[in-house]
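Since every read-out is calculated from the coordinates, none of them should be taken as a lab result. Small disclaimer: the values here were computed from a predicted structure and weren't measured. When we count neighbours, we look across all protein chains shown, and the Cβ atoms used for this are built from the backbone with ideal geometry, even at glycine.
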Amino acid sequence: MVYFGPNGAGKSTTMNMITGYIEPTSGTVIIDGMNMAKKPQKAKKQIGYMPEGVPLYTDLTVKEFVTYMAEIKKVDRKIRKQKVDEIIRQTGLKEVERKLTKTLSRGYKQRVSMAGALVGDPKILILDEPTVGLDPKQITEIRNLIKELGKTHTIILSSHILSEVSQICNKVIIINQGKIIAVDTPENLERKVAKNNSIYVTVEDPEDKMKTIQEKITDIEKISFIQEDEDKTKQYRIEGKEGVDLRKTLFTELAKENITIFEMKKADTTLEDAFIQLIDEGGNNHVGSN
């Protein structure tokens, strides 16, 4: 699951309340059936938290830091060394375990912070902006690690990066100005805000027959000319009736009119489209799953 919204929407504040760092002014935080306000120690034991900004003890080695976090979380002494070694391997830190954390790249520092969150075997992992500041290779590595951890943990992450949300999460909560305006899967959010059934086509049509094609295909509601390219091909947006796939009909009818199709693609609604529409609407049309 992801808390998603623009900068300043309230994502990090929400996470700080869930972890017990900030006391909520209203409402209740329940972690695995436990009230955070009434049973903070038991509730916090179920949480592994990776804060934004990667705060580490820079004069400790990777292994020393993870061991220290295990001590803080009261991991049983008899299995502490074993658990630390397991976490270091799981997060891909074995080759740098003896290096000081201050000498590591940003990507490795993110892994160390995640290792600190994982040690103690919490049921819930809370990750605040886990890929901010990373290069493309590091982002891919961290995302793959999060996906793998998601098989054995409940993961809540905060992000304002749209591609991250689509690739990692199976449930999205969109927050704007401190309020939840949508809760659903990325796929459902995209589908629910889709305005029309549209196809983009690029054609060679020297006789301008596209202007009359709507008369021949009754399932077309609107044809919009977009542009003419240097090679004299023309781009159009064709809007069809709801639930109708126009592609096969277009292939047949355009061929009859000697209109050559160079490209045809559906105009899929993206999570970015859903986000912008929901924010613009101000949450008046609340989107949620049953």
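Observations
- Relative contact order, percent, the chain [alpha-carbon distance under 8 Å, six or more residues apart]: 19
- For the stretch 53-58, the Karplus equation 6.51 cos²θ - 1.76 cosθ + 1.60, evaluated at θ = phi - 60°, returns couplings of x, 6, x, 10, 7, 5 Hz by residue, with Gly and Pro reported as x.
- Distant alpha-carbon pairs in the stretch 1-101 (separation over 24 angstrom), percent: 39
- Cross-link pairs exceeding 24 Å between alpha carbons, from the set LYS45/LYS151; LYS74/LYS137; LYS102/LYS147: LYS74/LYS137; LYS102/LYS147.
- Dipole size of the chain about its Cα centre, with +1 on Lys/Arg Cβ and -1 on Asp/Glu Cβ: approximately 2220 debye, rounded to the nearest 20.
- Structure remark: mean-square fluctuation, Gaussian network model of the chain, C-alpha springs under 10 Å; the largest value among GLU230, GLU263, GLU148 belongs to GLU230.
- Stokes-Einstein D (µm²/s) once Rh is taken as the Kirkwood radius of the chain over alpha-carbon pairs, at 20 °C in 1.002 mPa s: 96
- Projecting the Cα atoms of LEU157, CYS169, VAL119 onto the charge dipole of the stretch 80-172 (Cβ charges, centred on the Cα centre) puts VAL119 farthest toward the positive pole.
- Dipole moment magnitude, nearest 20 debye, the stretch 57-154 about Cα centre, only Lys, Arg, Asp, Glu C-beta charged: 260
- The alpha-carbon of LYS232 sits under 26 angstrom from the alpha-carbons of these lysines, leaving out residues fewer than 8 places away in its chain: LYS209, LYS211, LYS216, LYS222, LYS248, LYS256, LYS265, LYS266.
- Normalised by the number of residues in the stretch 199-280, the mean separation of alpha-carbon contacts (under 8 Å, six or more apart) gives a relative contact order of 40 percent.
- Binned Cα-Cα distance frequencies in the stretch 197-266 - 10 Å width, integer %: 21, 62, 16, 1
- Interchain or long-range residues, amide H under 5 Å from LEU127's placed H: MET50, ILE156, LEU157, SER158
- Taking the charge dipole of the stretch 197-266 about its Cα centre, with +1 at Lys and Arg Cβ atoms and -1 at Asp and Glu Cβ atoms, the residue from ASN258, VAL244, ILE217 reaching farthest to the positive side is VAL244.
- Volume in Å³ per residue [convex hull over Cα atoms, computed for the stretch 46-197]: 128
- For the stretch 142-152, backbone phi angles converted through the Karplus equation (6.51, -1.76, 1.60; θ = phi - 60°) give residue-by-residue couplings of 5, 4, 5, 5, 5, 4, 5, 5, x, 6, 10 Hz, Gly and Pro being listed as x.
- Local electrostatic count at ILE155 - Lys and Arg +1, Asp and Glu -1, tallied over other residues with Cβ under 11 Å: +3
- Peptides ranked, highest mean first, by Cβ atoms within 10 Å: ranges 44-54, 249-259: 44-54, 249-259
- When each of the peptides 26-36, 77-87 is scored by the mean number of other C-beta atoms lying within 10 Å of its residues, the order from highest to lowest reads 77-87, 26-36.
- Student exercise, the stretch 213-252 dipole from Lys, Arg, Asp, Glu Cβ charges, in Debye to nearest 20: 140
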